[in-house]
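What follows is a single structure, written as structure tokens, with notes after it.
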Amino acid sequence: MMNMAVLMLLLGVTVVTAAMSHDYGDALTKSILFFEGQRSGKLPSNQRMNWRKDSALRDGSDIGVSGYVFPCIFKHAVHKFAQWFCMLDLQINI
């Protein structure tokens, strides 16, 4: 029993030490930079990714459709499905 307690204590210390060694500020900064680099359309003049240029400005123009229609419809459909699924889950669990 004592060995198990020592093992759990060492495991707890290891988890706390590992959590303290991560630089969450750096991870957040890099995540934001990544998502800034993934943007499409007309980019602002203060774009931090200087190699990234405007993109997808005329998507769908050859057939008279806005290039952002499908992504917006998809986002809306996923959001509505998530709402429906949560309501269904609530009804089942009540």
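The values are calculated or read from the model by the stated rules, or taken from the named source; none is laboratory data. For clarity, every value in this text was computed on a predicted model and none was experimentally measured. Neighbour counts are summed over all protein chains in view; Cβ atoms, including those assigned to glycine, are modelled from backbone coordinates with ideal geometry. Calculation scope for accessible area: heavy atoms of the full protein, side chains included, ligands and nucleic acids excluded. Shrake-Rupley method; radii C 1.70, N 1.55, O 1.52, S 1.80 Å.
Taken over segment 61-77, residues that are surrounded by 10 or more Cβ atoms within 10 Å (Cβ to Cβ) and at pLDDT 75 or above amount to 6. Could you tell me whether Phe81 is at pLDDT 80 or above, in a helix (DSSP H, G or I) and open to solvent by 100 Å² or more (accessible area, probe 1.4 Å)? Criteria met by Phe81.
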